[in-house]
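Once you've had a glance at the structure underneath, I'll fire off some questions.
The values are calculated or read from the model by the stated rules, or taken from the named source; none is laboratory data. Just so you know, these numbers come straight off a predicted model, no measurement behind them. Cβ sites come from the backbone with ideal geometry, for glycine too, and all protein chains shown count toward neighbours.
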Amino acid sequence: MIDGIDQLISLYGDSNTFVKAFLDSTLFLPVDVVQARTQEMINLYKTGGKFPVRYSPSHNEELKINNKAEAIIYTRHQEVRTPRYPSFNIKIDNDGNHENRRQMKLRLNQTISMGKNSTIRNYIISHVWGLASHPLFFSSLWNIVLIPAHFNYLMDKDPDSHEVVKIIKEKIQQKCIALYRPYENLIPHIPEIEEFKELLFCDVESQDSNEFYVHFLTSEGIEQQRMKVILTEDDRNLLETLLGRMGKKFFVDYYEPYLNGEDLMKVIPIGIYTYGSVMTRVSTMRKIFNEGLNAKALAYILENQNSRLDDETIELARDLMELS
């Protein structure tokens, strides 16, 4: 089988390098900006204000109109509540992302998809969870990231279409949940968000030292910030099993060679492990990276107070954490 995604990945050497490049070039919106928009939407809900949504053909039957142009005019000038979303007074967005561009101009003084007037060029507004026809998802900035045009088409792919698509989508969603906490912020005010709890809620315990990097779009440009890694109890249980299978020291020692695409079967000195043991450990290492758990595994190692690792290994884990 010939897959264009594989061809794109090959330009970066391997899938891990590709995923890192994708995430490093993805721009998130500042937390305070996202929270301000969330509060604005809560107020719209309470006062019956207009929620922008993206047009879909289903609106024709729901609104008794013939096309998008009619839908825009019809929803602009009167209260409109559909059977699907009876609690929301909606309006059809002018072009499918007008409101989101307006929000970025209003709150960050940045323009995108405006031709020569754009301050951000060759980036695409991407809805992290999709659902752009839903009033709570279309213009909520916790559902928005900016992705370079040459990468963005992957966001429109089904997660099952390619392993890398699934990894990238899950990583971006996890970061949005960690940064913005959409479910917790909305559930006290908008009960309809309960339908999406499994998508948006993560029971996160406080972390003091485990961090990851995020690139934010600000009014000044792009700013890199260090953020906390999220470890759930399920993560800890899984990582305890996986790291127990290979050994925490093995994971730290061979993290960078694996990340760089080296063949561990050739890197590991003969005689330290049996052949079968090496096969098991390498297979487990591959599983951790393929499922996007490598940074979480480092975080788990660093937070484990009962670790018997030597100081040199712990220091290496800290260095690798900064690069994850």
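Only one of ASN100, ASN66, ASN43, ASN94 is under 30 Å from TYR123 (Cβ atoms) and outside any helix (DSSP H, G or I). Can you tell me which? Steps first, answer last, please.
Details: ASN100 fails: outside any helix (DSSP H, G or I); ASN66 fails: under 30 Å from TYR123 (Cβ atoms); ASN43 fails: outside any helix (DSSP H, G or I).
Exactly one residue qualifies, and that residue is ASN94.
Under 7 Å between Cβ atoms, which residue pairs at least 6 apart in sequence (or on different chains) link something in region 180-196 that is aromatic (Phe, Trp, Tyr) with a partner that is modelled with pLDDT under 95 and assigned to a loop (DSSP other than H, G, I, E, B)?
TYR183/PHE201
Being among the charged types (D, E, K, R), under 30 Å from GLU223 (Cα atoms) and surrounded by fewer than 17 Cβ atoms within 10 Å (Cβ to Cβ) is the filter here; which residues of region 81-110 pass it?
Answer for region 81-110, where residues must be among the charged types (D, E, K, R), under 30 Å from GLU223 (Cα atoms) and surrounded by fewer than 17 Cβ atoms within 10 Å (Cβ to Cβ): ASP95, ARG102, LYS105.
Among the residues of region 242-271, count how many are exposed (fewer than 15 other Cβ atoms within 10 Å of the Cβ) and in a loop (DSSP other than H, G, I, E, B).
Residues in region 242-271 being exposed (fewer than 15 other Cβ atoms within 10 Å of the Cβ) and in a loop (DSSP other than H, G, I, E, B): 6 in total.
Condition check: outside the structural domain of LYS296 (by TED's automatic domain parsing), under 20 Å from ASN100 (Cα atoms), crowded, with 19+ Cβ neighbours inside 10 Å and at pLDDT 90 or above. Does LEU179 satisfy that? Show your work before the answer.
Values: outside the structural domain of LYS296 (by TED's automatic domain parsing): yes; under 20 Å from ASN100 (Cα atoms): yes; crowded, with 19+ Cβ neighbours inside 10 Å: yes; at pLDDT 90 or above: no.
When the stated conditions are applied, LEU179 does not pass them.
Inside region 69-80, can you point out the residues that are part of a loop (DSSP other than H, G, I, E, B) and either modelled with pLDDT of 95 or more or exposed (fewer than 14 other Cβ atoms within 10 Å of the Cβ) (or both)?
First, pick out the residues of region 69-80 that are part of a loop (DSSP other than H, G, I, E, B): 77-80.
The answer is HIS77, GLN78, GLU79.
Return yes or no: is ASN143 modelled with pLDDT of 95 or more, in the same structural domain as PRO191 (by TED's automatic domain parsing), within 20 Å of LYS157 (Cβ to Cβ) and not aliphatic (A, V, I, L, M)? Steps first, answer last, please.
On the way: modelled with pLDDT of 95 or more: yes; in the same structural domain as PRO191 (by TED's automatic domain parsing): yes; within 20 Å of LYS157 (Cβ to Cβ): yes; not aliphatic (A, V, I, L, M): yes.
Here the answer is yes, as ASN143 does meet what is asked.
Just name the residue that is farthest from GLN174 (Cα to Cα) out of those in region 36-49 that are in contact with a Leu (Cβ under 9 Å, 6 or more places away or on another chain) and surrounded by fewer than 18 Cβ atoms within 10 Å (Cβ to Cβ).
ILE42
Residues being in contact (Cβ under 8 Å) with a residue 60 or more places away in the chain, of a type outside the set (A, V, I, L, M) and assigned to a helix (DSSP H, G or I): count how many of those fall in region 216-241.
Summing the residues that are in contact (Cβ under 8 Å) with a residue 60 or more places away in the chain, of a type outside the set (A, V, I, L, M) and assigned to a helix (DSSP H, G or I) in region 216-241 gives 3.
Being touching a strand residue (DSSP E or B) at 6+ places or on another chain (Cβ under 6 Å), buried (at least 16 other Cβ atoms within 10 Å of the Cβ) and closer than 20 Å to ALA149 by Cα is true for just one of LEU27, LEU23. Which residue is that? Steps first, please.
On the way: LEU23 fails: touching a strand residue (DSSP E or B) at 6+ places or on another chain (Cβ under 6 Å).
After ruling out the rest, the residue left standing is LEU27.
I need the full set of residues from region 272-303 which are in a loop (DSSP other than H, G, I, E, B) and either touching a residue at least 60 places away in the same chain (Cβ under 8 Å) or closer than 24 Å to GLU315 by Cα (or both), in order please. Before the answer, list the steps.
Our first condition is that a residue be in a loop (DSSP other than H, G, I, E, B); within region 272-303, this holds for 272, 274, 291-293.
Within region 272-303, ILE272, GLU291, GLY292, LEU293 qualify.
How many of the residues in region 114-145 are in contact with a Lys or Arg (Cβ under 6 Å, 6 or more places away or on another chain) and not aromatic (Phe, Trp, Tyr)?
Initial filter on region 114-145 (in contact with a Lys or Arg (Cβ under 6 Å, 6 or more places away or on another chain)): 132-133, 138, 141.
Add one more test, that the residue is not aromatic (Phe, Trp, Tyr), and what stays is 132-133, 141.
Count: 3.
Another question about this same structure. So, in region 190-215, how many residues would count as being at pLDDT 75 or above and not in a strand (DSSP E or B)?
Residues of region 190-215 that are at pLDDT 75 or above, as a first pass: 190-201, 213-215.
Those still in the list that are not in a strand (DSSP E or B) too: 190-201.
Summing the residues that are at pLDDT 75 or above and not in a strand (DSSP E or B) in region 190-215 gives 12.
If I filter region 126-133 for residues that are within 24 Å of ILE177 (Cα to Cα), modelled with pLDDT of 95 or more and not in a loop (DSSP other than H, G, I, E, B), do I get at least one hit?
Yes, there is a match, as at least one residue in region 126-133 is within 24 Å of ILE177 (Cα to Cα), modelled with pLDDT of 95 or more and not in a loop (DSSP other than H, G, I, E, B).
Taking only region 136-152 into account, find how many residues are in a loop (DSSP other than H, G, I, E, B), under 15 Å from the mean Cα position of the chain (by Cα) and aromatic (Phe, Trp, Tyr).
Here is the first cut: in region 136-152, the residues in a loop (DSSP other than H, G, I, E, B) are 136-140.
Narrowing further to those that are under 15 Å from the mean Cα position of the chain (by Cα): 137, 140.
With the extra rule that they be aromatic (Phe, Trp, Tyr), the set shrinks to 137.
Final tally of qualifying residues: 1.
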